[in-house]
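Every number here is computed from the coordinates shown, using simple stated rules; none is lab data. As the structure is a computational prediction, the values presented were derived from the model and not from experiment. Glycine also receives a Cβ, built like all others from the backbone with ideal geometry; neighbour counts cover every protein chain displayed.
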Amino acid sequence: MSLTPTRIHHLTCATLCPSLRRVPGLVPDQLVAHVLLLETAEGLVLVDSGFGTDDVAQGGRRLGRAFVAGVGPRLDLAQTALHQVRALGHDPADVRHVVLTHLDLDHAGGLADFPDAQVHLHRAELAAALNPRLRERQRYVAAQWEHGPRWQPHDAGGEDWCGFTAVRAVGDDVLLVPLPGHTRGHSGVAVRRPSGGWFLHAGDAYFFHGDKKRPRSCPPGLRSFQVMVQADRTARLVNLERLQELHATRDDVTVFCAHDRAEFLALEGVTD
Ligand SMILES: [Zn+2]
């Protein structure tokens, strides 16, 4: 038995329509929440979880008025990871592990739909979410983990992965790659592809496909948003440069972020 991914599905577990889209060119019309579903011989693994059935059932109330008004989530049960796992013919109870880039409300909402899964994340992220500073209180929604997830916090350090320091999260082929900046313990998740090479789910280390290129491009409203919500500006920009370097130099690594729709559409139909 092995935890090596044998098949990878790309799901979006949210659709976000920011209010600023009404001003042409300021932000993209639509953002996604890119989630991976990995099939392994020992069960299923989710990378990030998007919004969950409780977020949808409560009509977004627990997400907060400011978030709903500004970010514009279109809450749809069919988009939750729970429903998509079922639609693919799987039993949600077979989801044994959830690996999170971070605990922001648009990434952690699905946790309660998989209450028996082990939840892997950076130790610093769990510490931030459980004891948020004043300005972090809006981004973390404690109700999303009031069921008591089986947290598996990972410390930084470990081994080299493409010049980054990674730590094995699930088996040998799903790695947590610390990329702090957006939040205190934000991480990417590297997944070995069955067809060869790697995916790097970079979470919210950047928001727009042009961010990972040199010269960088990003609609101005989205660029300002990234600054507004960053926990550590210096760390974020250092990690963005490292991701640009990775994207430019490693053909065997496909880098994508959580919210860019173009990156998602390019991978949605890819069978691994
Ligand atoms: Zn996000």
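Taking the stretch 56-87 and a reference point 7 angstrom along Cα→Cβ of residue 17, the backbone N atoms nearer than 14 Å belong to 69-76. Would you please state which residues of the stretch 75-103 a label at residue 1 would reach in this model, taking the label point 7 Å out along Cα→Cβ and a backbone N cut-off of under 19 Å? Residues 90-99 fall inside that zone. Sequence-ordered 3J(HN,Hα) estimates for the stretch 231-246 from the Karplus curve with 6.51, -1.76 and 1.60 and θ = phi - 60° stand at 8, 8, 4, 4, 4, 4, 6, 4, 5, 4, 4, 5, 5, 4, 5, 4 Hz, glycine and proline given as x. Quick note on the chain: its Rg to Rh ratio, both from C-alpha atoms and Rh being the Kirkwood radius, is 0.93.
Can you check what the net charge comes to around residue 43, using other residues whose Cβ is under 13 Å from the Cβ of residue 43 (Lys, Arg +1; Asp, Glu -1)? Walk me through the numbers on the way to the answer.
On the way: positive: 7, 96; negative: 39, 42, 91, 94, 116.
Combined, the nearby Lys, Arg, Asp and Glu give -3.
Of the residues 30, 144, 79, the one that moves most in a GNM of the chain with alpha-carbon contacts below 10 Å is 30. Extension gain for the segment residue 42 to residue 160, taken as residue separation times 0.36 nm less the Cα-Cα distance, is 39.9 nm to one decimal. Between residue 135 and residue 249, the contour length at 0.36 nm per residue exceeds the alpha carbon distance by 37.4 nm. Once both labels are positioned 7 Å from their Cα atoms along Cα-to-Cβ, the gap between residue 61 and residue 227 label points is 3.7 nm. By the helix-only formula, in which each DSSP H run with n ≥ 4 contributes -39500 (n - 2.57) and the sum is divided by residues, the chain has a 222 nm mean residue ellipticity of -6500 deg cm²/dmol. The shape of the stretch 218-272 comes out oblate: with a ≥ b ≥ c from the C-alpha gyration tensor, a/c is at least 1.5 while a/b does not beat b/c. Exposure proxy ranking for 23, 98, based on other Cβ atoms within 10 angstrom of each Cβ and starting from the fewest, stands as 23, 98.
Projecting the Cα atoms of 248, 234, 53 onto the charge dipole of the chain, computed from C-beta unit charges around the Cα centre, puts 234 farthest toward the positive end.
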